[in-house]
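Have a look at the structure below before the remarks.
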Amino acid sequence: MDWWSKFYASTGERNKCGTYLEKGFDTLQVYDRELEKVEGFSALSDFCQTFKLYRGKTQDEGEDPSVVGEFKGMFKIYPLPDDPSSPPPPRQFRQMPPNGIEECLVRVYVIQASGLQPKDTNGKCDPYVKISLGKKTINDHDHYIPCTLEPVFGKLFELSCSLLWRKTYG
């Protein structure tokens, strides 16, 4: 059984989930709208913020590139007090890495897209995934999905990056 079997069993698509349900495996709660709009999730404001995703750079500095999506998550960077005797900021992690460059692996799961804008004369588009992190780019154009505004990708992409980590006290 794979992730897709669980997903399709959870959405009620029995013809696509194989024997997943018969084997008694757990299912997921799949919502028909954004979690921000589901009662009980506090609009995801308890820990997430929404960051707009833009379609590349524009030629004119004053011009805003078009918004093509949103990232929902949280980045926390705390300034350290100048006085070492001052209380430190709240910590999210108990064990800090040593000073230096920390190699990180970033995993991006792209499940599906909905409500894409038509780009072709047939009123559809041929969507694919393109992800950039710093100067690294993954372009999955070879695996585009033809003639749809509701593509299901079901893919995992991994990029590595380096973060400079400097621990200044205790």
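The values are calculated or read from the model by the stated rules, or taken from the named source; none is laboratory data. In this text, all values refer to a predicted model and were calculated from it rather than measured experimentally. Cβ coordinates were reconstructed from backbone atoms using ideal geometry, including for glycine residues, and neighbour counts include every protein chain displayed. For the accessible areas, the whole protein counts, side chains as well, though only heavy atoms, and no ligand, DNA or RNA atoms are used. Shrake-Rupley method; radii C 1.70, N 1.55, O 1.52, S 1.80 Å.
Is there any pair with a first residue in region 142-156 that is acidic (Asp, Glu) and a second that is open to solvent by 60 Å² or more (accessible area, probe 1.4 Å) and modelled with pLDDT under 95 whose Cβ atoms are under 6 Å apart and which are 6 or more apart or on different chains, and what are they?
From region 142-156, the pairs are 150/114.
Go through region 78-97 and give me each residue that's open to solvent by 90 Å² or more (accessible area, probe 1.4 Å) and either at pLDDT 65 or above or not in a loop (DSSP other than H, G, I, E, B) (or both).
At the first step, the residues of region 78-97 found to be open to solvent by 90 Å² or more (accessible area, probe 1.4 Å) are 79, 82, 84-85, 87, 91-95.
Answer for region 78-97, where residues must be open to solvent by 90 Å² or more (accessible area, probe 1.4 Å) and either at pLDDT 65 or above or not in a loop (DSSP other than H, G, I, E, B) (or both): 79, 82, 84, 85, 87.
Restricting the search to region 105-123, which residues are touching a Leu at 6+ places or on another chain (Cβ under 6 Å) and modelled with pLDDT of 90 or more?
116
Exactly one condition in (1) at pLDDT 85 or above; (2) aromatic (Phe, Trp, Tyr); (3) in contact with a Leu (Cβ under 7 Å, 6 or more places away or on another chain) is false for residue 128; which is it?
(3)
Mind checking which residues of region 142-169 are open to solvent by 80 Å² or more (accessible area, probe 1.4 Å) and either within 30 Å of residue 82 (Cβ to Cβ) or in a strand (DSSP E or B) (or both)?
Across region 142-169, the qualifying residues are 156, 158, 163, 164, 165, 166, 167.
Which of the numbered conditions does residue 50 fail, given that it passes all the others? Conditions: (1) farther than 27 Å from residue 143 by Cα; (2) at pLDDT 70 or above; (3) not in a strand (DSSP E or B).
Checking residue 50 against (1) farther than 27 Å from residue 143 by Cα; (2) at pLDDT 70 or above; (3) not in a strand (DSSP E or B), the one that fails is (3).
Any idea which residue in region 126-141 is least open to solvent (accessible area, probe 1.4 Å), counting only those that are in contact (Cβ under 8 Å) with a residue 12 or more places away in the chain and either of a type in the set (D, E, K, R) or touching a Gly at 6+ places or on another chain (Cβ under 6 Å) (or both)? I'd like the intermediate steps shown before the answer.
Keep residues of region 126-141 that are in contact (Cβ under 8 Å) with a residue 12 or more places away in the chain, which gives 126-129, 131, 133-134, 136, 138, 140-141.
Narrowing further to those that are either of a type in the set (D, E, K, R) or touching a Gly at 6+ places or on another chain (Cβ under 6 Å) (or both): 126, 136, 140.
Numbers: 126: 60, 136: 94, 140: 21 Å².
Residue satisfying both the conditions and the ranking: 140.
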